[in-house]
Amino acid sequence: MLYKWTNYISGWQPRWFVLDGGTLSYYDSQEDAWKGCKGSIKISVCEIQVHSSDSTRVDLTIPGEQYFYLRAINAAERQKWLVALGTAKACLTDNRTKREKELQENTEALKTKMSELRLYCDLLLQQVNRIKESDELEETAETGIDTGNMVKSTCTTFLKTLEECMQIANHTFNTDMATQSPPGTPPVTVIKPLKVFFSQQLNHKLIQPETKEEPKEEVESEGQDNTRDVNAVDTRQQQKETNPGESETFRDVSEPEDTEQVETFFSTMSHRFSDIRLDDDNGIPTQEFLDSCYAIVPVLDKLGSTVFAPVKMDFVGNIKKIQQKLISDPGNFPTLQSIVLHEVHADVAQVRNSATEALLWLRRGLKFLKEFLSEINRGGKDIHAALYNAYGRTLRQYHGWVVRGVFALALRAAPSYPSFSAALVTKEGDELKSSFTSGMHRDLGVYLPAMEKQLAVLDALYEDYELESDEVV
């Protein structure tokens, strides 16, 4: 028996849990098990986390999908469950590929080294402060030498650990970086040699395919009364029907290169900031805003699902904190402003892990994405430079040098512009069409201004109530 968190009304409720075949299922009680389980979670794909302060609690999560918050009767009982869950997970995940195992091992090793770096960073700060205090107290030269040796030793260890971090990172990501496409990049499109050649020849109005097959073309007149264009299309169509095996060599100069509109990621999103309608007093609907935030998360995956995982986890984590606040009392929190004002009046707005703090960091993350996409929309084709500039204008000032180093590592593995473009289209090859750029301008031209307006409203709210923070993480 374990206690499971149900909701804010019922709180923690006893449930009967069964771990069998790699699946953890729960029932109302042992006697009611015959009725069928009320829910289950696959251990092989979930994360097992122990609570930092509650010695009886364990959380099982599939990020963005499923959450089991559990409490054992006591710490000893939790330990038994942890051993059982850990053993089940270890057995089930043993069928991963060699590359997957290596990637996970290296990721875990990198996390460990990053924790060590934070520890050494804290030690350095303490030792530097001690030196300052020694100067103020005018301690002996011998004491100063000892303190200096400690700092030197800590610096040496820190640099060695940093070097190990880079070695692990390079070993983990080097193979994928060779093609400028990070591990885990969605295989939305594959750019074939024929299509690259086709794209390069458009400027000369001449197509010279190297294979017998030719990509099909869809030409729409869109109601235009240009007789010459229509006749040219009809003539080519007849030629294709008469000689289906022959490929077209010349293109009519007067024909538009692409008349079909290209659908992009931003025109097919399930929820968009541009679809949100603000209240009369500029109130931002909470659920619609959070849905739009969730919808933009895949952009981070397209930049590199592995190396941008820490950024994504932080981004999604802040969304979830606000979502939990909304769930606690939906009727009283219809807008983001209502959540912030409620916490301001309760004097908890600047408490750690508050919804107001989560919205603060979510806002900063959105500004980072907005700046990056704005630079791309202005014609920038250097993804690395666009990310670097966006980071410098938004998040960098709030990050300590360790976090900056993590971001710099992610930046190195960012995809090339062609790879990123290929991940933003819904149909393979659309990124090679001349209408792709106009399609991106069209969609971002609607999406970004709406996003910017809502961020400006939140900026004003935080400024009015002095909720901004210069804290560095």
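Worth a mention:
- With the convex hull of the Cα atoms taken as the outline of the stretch 355-409, the averaged projected area works out to 3.9 nm².
- Once all protein chains are placed together, HIS51 keeps about 60 Å² accessible to a 1.4 angstrom probe.
- Using the 1.4 Å probe convention, the accessible area of the stretch 408-449 works out to 35 Å² per residue with neighbouring protein chains retained.
- Once the Cβ-Cβ distance of ASP279 and HIS345 is raised to the sixth power relative to R0 = 22 Å, the FRET efficiency obtained is 0.70.
- Ranked by the mean number of other Cβ atoms within 10 Å per residue, highest first, peptides 110-121, 12-23 order as 110-121, 12-23.
- If you plug the beta carbon distance of MET166 and ALA385 into 1/(1 + (r/R0)^6) with R0 = 22 Å, you get a FRET efficiency near 0.50.
- The gain in end-to-end length when the TYR398 to SER115 segment is fully stretched comes to 100.0 nm, 0.36 nm per residue minus the alpha carbon separation.
- In the distance distribution for the stretch 5-50, Cα-Cα pairs more than 18 Å apart total 38 percent.
- The phi torsions of the stretch 260-275, fed into the Karplus equation with coefficients 6.51, -1.76 and 1.60 and a -60° offset, translate into couplings of 7, 6, 8, 7, 10, 3, 7, 8, 10, 5, 5, 9, 9, 4, 6, 8 Hz, rounded to whole numbers, with Gly and Pro shown as x.
- Label-point gap, in nm, between ASP122 and ASP329 - each point 7 angstrom along Cα→Cβ: 3.5 nm
- A cut-off of 5 Å between modelled amide H atoms, ignoring neighbours fewer than 5 places along the same chain, links HIS399 with VAL473.
- Taking the centroid of alpha carbons for each part, the stretch 303-367 and the stretch 412-473 are 19 Å apart.
- Added length on full extension, which subtracts the Cα-Cα distance from 0.36 nm per residue, ALA90 to SER53: 10.8 nm
- Distance between modelled label sites at TYR8 and ILE62, nm, 7 Å Cα→Cβ extension: 2.6 nm
- Counting Lys and Arg as +1 and Asp and Glu as -1 over every other residue whose Cβ lies under 10 Å from the Cβ of SER354, the net charge comes to +1.
- With the alpha-carbon atoms of the stretch 1-116 aligned to their principal axes, the span from lowest to highest coordinate is 44, 31, 28 Å, starting with the largest.
- Over the stretch 287-373, relative contact order from alpha-carbon pairs under 8 Å, at least 6 apart, %: 27 percent
- Here, P(r) means the percent of Cα pairs in each 5 Å bin from 0 to the largest distance; for the stretch 363-446 it is 3, 14, 22, 24, 18, 10, 6, 3, 1.
- In this structure, the pairs whose alpha-carbon distance is over 26 Å, taken from LYS38/LYS80; LYS302/LYS427; LYS4/LYS367, are LYS4/LYS367.
- 5 Å binning of all Cα-Cα separations within the stretch 302-424, expressed as whole percents from 0 upward: 2, 10, 18, 20, 16, 12, 10, 8, 4, 1
- Space enclosed by the convex hull of the alpha-carbon atoms of the stretch 296-347, per residue, Å³: 88 Å³
The values are calculated or read from the model by the stated rules, or taken from the named source; none is laboratory data. Given the structure is predicted, the values throughout are model-derived calculations rather than measurements. FYI the Cβ positions are ideal-geometry reconstructions off the backbone, even for glycines, and counts take in every protein chain you see. Accessible surface areas use protein heavy atoms only, side chains included; no ligands, DNA or RNA. Shrake-Rupley method; radii C 1.70, N 1.55, O 1.52, S 1.80 Å.
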